[in-house]
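S.K.: Here it is, the structure in full.
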Amino acid sequence: MPLIEPQLVLLHPDRRIGADMARWRNSGGGEALARAAQDPAAVREEIRLADLRGLGGSGFPAWRKWDMVAAEAPKPDKYLIVNGNEDEPGTFKDRMLLEETPHQVIEGAAVAALAVGINRVVFYINPDMVRSITAMKTALDQWRSSDLLTLASTALGKPLELELLPGSGHYIGGEETAAMEWVESRFPFPRGKPPYPAQAGVHGCPTLINNVETLANVSHIVVHGAAWFRALGKAPSTGTKLYSLSGDVLHPGVFELPMGTPLRELIFVHGGGLLSDKPLKAVFTGGPSSTLLTPADLDVALDFESLRARGSNLGTGAMIVISEGTGIVKRVAEYERFFAHSSCGQCNSCKVGTATMSRLLDRIDTGRGTAADLTTLENLCTMLPGSGRCHLINGAVLLLDSAFRHFHDEFKQALR
């Protein structure tokens with residue numbers, strides 16, 4: 001398969017310039033904000049026509065969230081949380097955007113704020129992403145003294161406040177209601193729903209929460225139009241997607257490709273194939289909190305609908321490649337250990353369930369497991385889903401259940 005250079009939008013060289021505001025504006029930066037200031041409602045319609053999705057994992061249509069928040073009255077404020085807590089193993093796309101294209105992210109957030117009537121924007125970033133935080137601090141300082149922020153505030157009718165807030169460092173802090181808790185200076189325990197963030201979010205105010213990659217697309221849709229954005233994807237998908245490729249591949253990295261690019265193309269064309277030309281064994285999709293794909297799935301389109309039809313999901317777009325010779329039991333045990341460590345402990349089913357799964361998998365992986373341990377794990381996959389306030393327990397179960405479905409023999413062979 002020949003290498004065809006994709007059309008770069010988010011990672012175009014004109015945008016990968018760090019916090020250099022002068023260069024960014026010379027390449028067209030700020031144009032989308034100027035248009036949004038003239039007709040904010042038209043921006044929401046363009047986002048709807050473009051079918052921009054939430055690119056932090058959910059795939060939920062962005063315009064639906066925007067419309068829900070726009071319909072709410074300020075109480076007395078409206079908030080936008082730009083979610084950059086990226087902590088899923090194998091996911092590293094948002095840190096690239098924040099480090100190399102901070103102004104693109106800020107303009108997208110400012111345009112969204114105008115379109116929805118938001119006056120307080122919080123850039124919520126994983127504290128371990130030190131270079132991302134540094135780049136964003138520099139870029140935000142430039143915005144605070146620029147005419148662009150004055151333009152946005154004038155169009156909004158009140159000051160548009162931009163704040164950078166390092167996250168808690170907890171994996172669960174990326175869950176949207178946990179992020180709201182942290183913004184309110186509390187421990188990031190996920191909240192129950194309803195009410196939903198659009199109704200009662202930060203300090204009871206209507207709150208929009210979007211991922212970094214989602215908002216990075218906004219200014220380009222406003223400038224070039226929904227039809228242009230739709231044409232970038234492989235129909236029926238729209239736009240481009242940042243895929244984080246890692247594991248046993250020759251060229252790991254972040255690749256901006258049309259949404260709907262086949263898995264085979266990502267691994268064997270852009271990723272250069274597997275190390276030492278080993279056969280492909282499996283791919284963890286969307287990070288480890290999802291399902292496994294196998295060589296039988298190589299021609300699946302990497303978009304939300306196609307993967308959902310196979311009982312999987314795109315998630316963050318992370319693809320962790322595993323070659324033959326790598327033990328699935330060991331890798332799953334490592335990821336379940338991560339989930340057990342990451343549970344906030346608020347829900348007993350999650351706290352105890354993830355700890356039990358991790359303990360039993362470690363026993364099996366080290367040759368100390370029994371058939372009863374395997375049966376217990378299988379029963380937990382039936383009992384635990386939907387028992388927590390957030391999706392952490394669901395992701396932990398989804399991974400294990402998928403591993404059982406494709407590689408059950410490996411688990412049985414590892415028993416004592």
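The values are calculated or read from the model by the stated rules, or taken from the named source; none is laboratory data. Computed from a predicted model, the values in this text were never measured in an experiment. In this analysis, Cβ positions are derived from the backbone assuming ideal geometry, glycine residues included, and neighbour counts consider all displayed protein chains.
S.K.: Within the stretch 172-183, is even one residue touching a residue at least 12 places away in the same chain (Cβ under 8 Å), surrounded by fewer than 16 Cβ atoms within 10 Å (Cβ to Cβ), out of contact with any strand residue (DSSP E or B) (no Cβ under 9 Å at 6 or more places or on another chain) and of a type in the set (Val, Ile, Thr)?
M.R.: The initial filter retains those residues of the stretch 172-183 that are touching a residue at least 12 places away in the same chain (Cβ under 8 Å), namely 172-180, 182-183.
Now restrict to residues that are surrounded by fewer than 16 Cβ atoms within 10 Å (Cβ to Cβ): none.
For the stretch 172-183, residues touching a residue at least 12 places away in the same chain (Cβ under 8 Å), surrounded by fewer than 16 Cβ atoms within 10 Å (Cβ to Cβ), out of contact with any strand residue (DSSP E or B) (no Cβ under 9 Å at 6 or more places or on another chain) and of a type in the set (Val, Ile, Thr): absent.
S.K.: Another question, if that's okay. Please go through the stretch 178-216 and give me each residue that is part of a loop (DSSP other than H, G, I, E, B) and either among the aliphatic types (A, V, I, L, M) or under 13 Å from Ala62 (Cα atoms) (or both), ordered by number.
M.R.: Step one: filter the stretch 178-216 for residues part of a loop (DSSP other than H, G, I, E, B), giving 184-201, 205-206.
Answer for the stretch 178-216, where residues must be part of a loop (DSSP other than H, G, I, E, B) and either among the aliphatic types (A, V, I, L, M) or under 13 Å from Ala62 (Cα atoms) (or both): Ala198, Ala200.
S.K.: Let me ask something else about it. With Ala372, Ala396 as the choices, which residue is aliphatic (A, V, I, L, M) and without any contact (Cβ under 8 Å) to a residue 24 or more places away in the chain?
M.R.: Working: Ala396 fails: without any contact (Cβ under 8 Å) to a residue 24 or more places away in the chain.
From the options Ala372, Ala396, the qualifying one is Ala372.
S.K.: Please indicate, with yes or no, whether at least one residue in the stretch 55-73 is surrounded by fewer than 16 Cβ atoms within 10 Å (Cβ to Cβ) and touching a helix residue (DSSP H, G or I) at 6+ places or on another chain (Cβ under 7 Å).
M.R.: No, every residue in the stretch 55-73 fails to be surrounded by fewer than 16 Cβ atoms within 10 Å (Cβ to Cβ) and touching a helix residue (DSSP H, G or I) at 6+ places or on another chain (Cβ under 7 Å).
S.K.: Show the residue pairs meeting these rules: Cβ distance below 7 Å; 6+ apart or different chains; first residue within the stretch 96-121 and at positive phi and outside the structural domain of Ala135 (by TED's automatic domain parsing); second residue modelled with pLDDT of 95 or more and buried (at least 24 other Cβ atoms within 10 Å of the Cβ).
M.R.: From the stretch 96-121, no pairs qualify.
S.K.: Quick check on my filter: what residues within the stretch 300-354 are among the charged types (D, E, K, R) and either part of a strand (DSSP E or B) or loosely packed, with under 15 Cβ neighbours inside 10 Å (or both)?
M.R.: Filtering the stretch 300-354 for residues among the charged types (D, E, K, R) gives 303, 305, 308, 310, 324, 330-331, 334, 336-337, 351.
Once the filter is applied, which keeps residues that are among the charged types (D, E, K, R) and either part of a strand (DSSP E or B) or loosely packed, with under 15 Cβ neighbours inside 10 Å (or both), the stretch 300-354 yields Glu305, Arg308, Arg310, Glu324.
S.K.: Can you tell me how many residues in the stretch 274-290 are over 16 Å from the mean Cα position of the chain (by Cα) and in contact (Cβ under 8 Å) with a residue 60 or more places away in the chain?
M.R.: Restricting attention to the stretch 274-290, the residues satisfying the condition of being over 16 Å from the mean Cα position of the chain (by Cα) are 274-283.
From what's left, in contact (Cβ under 8 Å) with a residue 60 or more places away in the chain: 282.
The total comes to 1.
S.K.: Here's something else I'd like to know. With the structure loaded, tell me whether Val321 is touching a Gly at 6+ places or on another chain (Cβ under 6 Å), under 15 Å from Ala282 (Cβ atoms) and of a type outside the set (Ser, Thr, Tyr) or whether it fails that test. Steps first, answer last, please.
M.R.: On the way: touching a Gly at 6+ places or on another chain (Cβ under 6 Å): yes; under 15 Å from Ala282 (Cβ atoms): yes; of a type outside the set (Ser, Thr, Tyr): yes.
Spelling it out, Val321 is indeed touching a Gly at 6+ places or on another chain (Cβ under 6 Å), under 15 Å from Ala282 (Cβ atoms) and of a type outside the set (Ser, Thr, Tyr).
S.K.: Could I ask something else about it? Quick one: in the stretch 126-141, which of the residues that are touching a helix residue (DSSP H, G or I) at 6+ places or on another chain (Cβ under 6 Å) and surrounded by 19 or more Cβ atoms within 10 Å (Cβ to Cβ) is nearest to Leu97 (Cα to Cα)?
M.R.: Of the stretch 126-141, the ones touching a helix residue (DSSP H, G or I) at 6+ places or on another chain (Cβ under 6 Å) are 129, 131-132, 135-136, 139.
Going one step further and asking which of them are surrounded by 19 or more Cβ atoms within 10 Å (Cβ to Cβ), we end up with 129, 132, 135-136, 139.
Working: Met129: 12, Ser132: 8, Ala135: 10, Met136: 10, Ala139: 13 Å.
Only one residue fits best here, namely Ser132.
A quick yes/no check of all residues on (1) under 24 Å from Gly204 (Cβ atoms); (2) modelled with pLDDT of 95 or more:
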site: Asp77; (1), (2): yes, yes
site: Val82; (1), (2): yes, yes
site: Pro89; (1), (2): no, no
site: Asp94; (1), (2): no, yes
site: Leu97; (1), (2): no, yes
site: His103; (1), (2): no, yes
site: Ile106; (1), (2): no, yes
site: Ala109; (1), (2): yes, yes
site: Ala115; (1), (2): yes, yes
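S.K.: Also, quick follow-up: For the condition of a type in the set (Gly, Ala, Ser), touching a Lys or Arg at 6+ places or on another chain (Cβ under 6 Å), surrounded by 21 or more Cβ atoms within 10 Å (Cβ to Cβ) and not in a helix (DSSP H, G or I), what is the one hit in Gly369, Gly388?
M.R.: Values: Gly388 fails: touching a Lys or Arg at 6+ places or on another chain (Cβ under 6 Å).
Testing whether each residue is of a type in the set (Gly, Ala, Ser), touching a Lys or Arg at 6+ places or on another chain (Cβ under 6 Å), surrounded by 21 or more Cβ atoms within 10 Å (Cβ to Cβ) and not in a helix (DSSP H, G or I) leaves just Gly369.
S.K.: Do you know which of the residues in the stretch 67-98 that are in a loop (DSSP other than H, G, I, E, B) and touching a Ser or Thr at 6+ places or on another chain (Cβ under 6 Å) is farthest from Ser244 (Cα to Cα)?
M.R.: Step one: of the stretch 67-98, the residues in a loop (DSSP other than H, G, I, E, B) are 71-78, 85-92.
Remaining after also requiring touching a Ser or Thr at 6+ places or on another chain (Cβ under 6 Å): 88, 90-92.
Details: Glu88: 11, Gly90: 7, Thr91: 6, Phe92: 6 Å.
So, considering only residues that are in a loop (DSSP other than H, G, I, E, B) and touching a Ser or Thr at 6+ places or on another chain (Cβ under 6 Å), the one farthest from Ser244 (Cα to Cα) is Glu88.
S.K.: Do we find a residue being of a type outside the set (Asp, Glu), surrounded by 24 or more Cβ atoms within 10 Å (Cβ to Cβ) and either in the same structural domain as Thr91 (by TED's automatic domain parsing) or within 19 Å of the chain's Cα centre (by Cα) (or both) anywhere in the stretch 263-273?
M.R.: No; the residues of the stretch 263-273 include none that is of a type outside the set (Asp, Glu), surrounded by 24 or more Cβ atoms within 10 Å (Cβ to Cβ) and either in the same structural domain as Thr91 (by TED's automatic domain parsing) or within 19 Å of the chain's Cα centre (by Cα) (or both).
S.K.: Also: Please tell me if Leu11 is part of a loop (DSSP other than H, G, I, E, B), of a type outside the set (Val, Ile, Thr) and under 24 Å from Lys234 (Cα atoms). I'd like the intermediate steps shown before the answer.
M.R.: Details: part of a loop (DSSP other than H, G, I, E, B): yes; of a type outside the set (Val, Ile, Thr): yes; under 24 Å from Lys234 (Cα atoms): yes.
Spelling it out, Leu11 is indeed part of a loop (DSSP other than H, G, I, E, B), of a type outside the set (Val, Ile, Thr) and under 24 Å from Lys234 (Cα atoms).
S.K.: Would you confirm, using the coordinates I've provided, whether Ser349 is within 23 Å of the chain's Cα centre (by Cα), under 18 Å from Gly395 (Cβ atoms) and not assigned by TED's automatic domain parsing to the domain that holds Arg191? Don't jump to the end; show me each part of the working.
M.R.: Details: within 23 Å of the chain's Cα centre (by Cα): no; under 18 Å from Gly395 (Cβ atoms): yes; not assigned by TED's automatic domain parsing to the domain that holds Arg191: yes.
So Ser349 fails the test.
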